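Presented below is the structure to which this report refers.
Values in this text are rule-based calculations from the coordinates and carry no lab data. A quick note: this is a predicted structure, and the numbers were derived from the prediction, not measured. Glycine also receives a Cβ, built like all others from the backbone with ideal geometry; neighbour counts cover every protein chain displayed.
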Amino acid sequence: MSQNNEQAAKVRLINAGRTSSVAKARQALYRSCTARIKEAIKLGFYLEAIALLESMITDRLESRIAAIHGQDENYRKFRTIGHLLHGRVYKDKSKNVVGLLNGGLGEPNDLIDVYREINEWSNDRNVCLHQMVKLDGKSDKEWEPRIAYAEKTAKSGQKIFRSLSRLIDMHNKSLLGISASTTLPPIAGSAIDA
């Protein structure tokens, strides 16, 4: 993060609507990221695709947390997938944070199902990004099966991202009181190809 551990965490900017400058900037980043993921997978750069997918998935989870808490700055801080899904328990119990997956926020079942998929995917992501050259007696000792696993993980991440983005758009609209029949342009990249 920084040399000073007491420095405040970065805070997600508030999107004031699909035509706001924040929304336009985020859409441009999503569009570029989506194109890069497609190209990375096409060229066999699966680890790059996985890292970019993690950023996009985390951004959507942060969007959901922010929407649930009315865009309160305390709930717009950049967090890891684990923190967003499982929350955090502190010695000072008044600072405890409930995660999306543990049910304390009353999330709908369709989102809980996708959160579970993300939780499983993040374990695969960890294997791909942090254990490519580690041997534990159980994992394959050859390079090619590891790359095949990374390809599978990248492609499943695309599928999960599509589901997550669609559901968060729908449920965040509901929180904002926007009719489900109102059609808003999707977030750029939410239709990321498999």
Practice task
Could you compute the FRET efficiency for LYS38 and ASP140, with r as their C-beta to C-beta distance and R0 at 22 Å, rounded to 0.05?
Solution key: 0.20
Exercise for the section: Mind giving me the nanometre distance, one decimal, between the label points for SER21 and GLU117, set 7 Å out from Cα along Cα→Cβ? Expected result: 3.6 nm
Problem - Too-long pairs where the Cα-Cα distance tops 24 Å, listed order kept, from LYS38/LYS141; LYS10/LYS159; LYS42/LYS77; LYS77/LYS173; LYS10/LYS42; LYS42/LYS134 - result: LYS38/LYS141; LYS10/LYS159; LYS42/LYS77; LYS10/LYS42; LYS42/LYS134
Fill in the blank from the handout: With ILE14 itself left out, Lys, Arg at +1 and Asp, Glu at -1 over residues whose Cβ is under 10 Å from its Cβ give +1
Problem - Net lengthening on full extension, HIS130/ASN74 (0.36 nm per residue, minus Cα-Cα) - result: 17.2 nm
Exercise for the section: Starting from segment 21-85, pick out the trypsin sites (Lys or Arg not before Pro) whose DSSP state is loop and whose Cβ has at most 15 other Cβ atoms within 10 Å. Expected result: none
